[in-house]
Amino acid sequence: MTERLYYAQPSLREFDATVTQVDRVESRPAVVLDRTAFYPTSGGQPFDTGTLNGVRVLDVVDRDDHSIAHVLERPLDPGTRVHGTIDWARRLDHMQQHTGQHVLSAAFDHLHGARTVGFHLGAEVSSVDLSRELKPDAIDVAEDEANRIVWEDRPVAVRFATAEQAASLPLRKEPEREGLLRLIDVADFDLSACGGTHVGRTGEIGAIQVLTSERFRGGIRVEFVCGGRAARAFRRLRDVVAGCIRSVSVLPEELPAAIARMQADSKELRKTLRANQEQLAAYEAIALADRAVQLGGRFVVVESVGQSDAGILKALALSVAGRPGYDVALFSAEAPFLAVVARSPGGALEAGAVLRRLVERFGGKGGGRADLAQGGGLNGEKAEILEEARRLLNPASSA
């Protein structure tokens, strides 16, 4: 069993210990110490990193026998006296996020009866899963309450209690384990059983900032950041907003309306462009039809056109095939090629079969009916693809 120094001294940055066991974890060297300040992945909180005698600690694993394995970049010998150093920036970040979660979860519970049923401390953001849905204004109220507790700089104490003693205490939720419990006590606000590392006073959390919320398993998932992460999130948001303001030349409070206007204008421009493209396609279809080659009593059009829009390509083919006696195969100008095969009503050509043969030879995918088929992703020499299409559209072909 490893003595867990972080239980009583979460702010301990350096310690001395002895290697009691040498092992391997997933083929990597690992050691067990008689005592450690390294926190292993547990309870939604990631592991600490740092060094043992200058050797990097890559992972920390809490094992079933209550020992803690420290995965290293290179092995150490059994019996070695080691000096451990915790990556303090990483540890402080985790302490801020985890203690912030306690405070935020307690605020949701006190104000709205929304119990925390899940917690994840991620590399960029953390999240809590709440037992019921909440509206945005209710989330804002809870965020304000949590920050009030942070800025009052209340003490955060570590207490220990047996299961019997804990039964008479106002714990926010039922403990998930038996035996001696480690309790995190945010003065006059929250009392929870937890094995993680936490700051000594709520002021060290800095600030709690809710980023997003979404429905999740009958409740709601709330993403948040605390401390240094909150400062970085604000800077990113500030830079993004400043960039948008420079681009559209409006005041910050006018930005949402300006974006809405730009989206409406863009939608109208797309409609106008589409109408112009369709009108141009109608003229282009006339030119294509005029260049048709007569084969076996059918007018055959096989061409590469300057269109990369599948919808316009299809409209062109249908426009040509709207004339009696036409078989059409049109391709986009650039690889990977789009393809549309169509025939006039009453024709014998199997458009779907032609496209399948093209896909078999040149790759891509697609499908369709006897009178119209379309696909994309064809690769090869353009001239070779066009030649194969002409062969397949020739009424004398077996396609």
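The number of residues in segment 154-201 being part of a strand (DSSP E or B) and of a type in the set (Ser, Thr, Tyr) comes to 1.
So which of Arg35, Arg74 is touching an Asp or Glu at 6+ places or on another chain (Cβ under 7 Å), over 30 Å from Val128 (Cβ atoms) and among the charged types (D, E, K, R)?
Values: Arg74 fails: touching an Asp or Glu at 6+ places or on another chain (Cβ under 7 Å).
None of the others qualify; the one that does is Arg35.
For segment 61-91, filtering for residues that are over 14 Å from Glu14 (Cβ atoms), of a type in the set (A, V, I, L, M) and touching a strand residue (DSSP E or B) at 6+ places or on another chain (Cβ under 6 Å) leaves 6.
Looking at Gly113, is it closer than 29 Å to His66 by Cα and of a type outside the set (A, V, I, L, M, F, W, C)? Even if it seems obvious, please write down each step before you answer.
On the way: closer than 29 Å to His66 by Cα: no; of a type outside the set (A, V, I, L, M, F, W, C): yes.
Answer is no for this residue.
Can you confirm whether Gly100 is under 28 Å from Arg232 (Cα atoms) and at pLDDT below 95? So Gly100 does not fit the description; no. Considering segment 1-41 alone, what residues qualify as being closer than 19 Å to Leu121 by Cα, touching a residue at least 40 places away in the same chain (Cβ under 8 Å) and either of a type outside the set (Gly, Ala, Ser) or loosely packed, with under 14 Cβ neighbours inside 10 Å (or both)? Hits for segment 1-41 are Tyr6, Tyr7, Pro10, Phe38, Tyr39.
Right, Gly346: closer than 22 Å to Ala373 by Cα, in contact with a Lys or Arg (Cβ under 8 Å, 6 or more places away or on another chain) and not hydrophobic (A, V, I, L, M, F, W, C) or not? It is false that Gly346 is closer than 22 Å to Ala373 by Cα, in contact with a Lys or Arg (Cβ under 8 Å, 6 or more places away or on another chain) and not hydrophobic (A, V, I, L, M, F, W, C).
Could you list all residues from segment 332-352 that are within 25 Å of Gln294 (Cβ to Cβ), exposed (fewer than 15 other Cβ atoms within 10 Å of the Cβ) and of a type in the set (Gly, Ala, Ser)?
Gly346, Ala348
Here Thr99 passes the criteria (1) over 20 Å from Leu12 (Cα atoms); (2) out of contact with any Gly (no Cβ under 6 Å at 6 or more places or on another chain); (3) in the same structural domain as His198 (by TED's automatic domain parsing) except the one numbered (1). In segment 357-378, the residue that is surrounded by the most Cβ atoms within 10 Å (Cβ to Cβ) out of those that are outside any loop (DSSP other than H, G, I, E, B) and more than 37 Å from the chain's Cα centre (by Cα) is Leu358.
Based on this model, can you work out whether Gly228 counts as of a type in the set (Gly, Ala, Ser) and part of a loop (DSSP other than H, G, I, E, B)?
Working: of a type in the set (Gly, Ala, Ser): yes; part of a loop (DSSP other than H, G, I, E, B): no.
So Gly228 fails the test.
In this structure, is Val199 touching a Phe, Trp or Tyr at 6+ places or on another chain (Cβ under 7 Å), of a type in the set (A, V, I, L, M) and surrounded by 11 or more Cβ atoms within 10 Å (Cβ to Cβ)? Answer is no for this residue. When Gly228, Gly179, Gly196, Gly206 are checked against the criterion of being at pLDDT below 95, assigned by TED's automatic domain parsing to the domain that holds Gln96, within 24 Å of Ser127 (Cβ to Cβ) and out of contact with any Lys or Arg (no Cβ under 8 Å at 6 or more places or on another chain), a single residue qualifies: Gly196.
The C-beta contact set for segment 77-94 (first residue part of a helix (DSSP H, G or I), second residue surrounded by 15 or more Cβ atoms within 10 Å (Cβ to Cβ) and of a type in the set (Phe, Trp, Tyr), distance under 9 angstrom, 6+ apart or interchain) comprises Arg91/Tyr6; Arg91/Tyr39; His94/Tyr39.
The values are calculated or read from the model by the stated rules, or taken from the named source; none is laboratory data. Just so you know, these numbers come straight off a predicted model, no measurement behind them. Note that each Cβ is placed from the backbone with ideal geometry, even for glycine, and that neighbours are counted across all protein chains shown.
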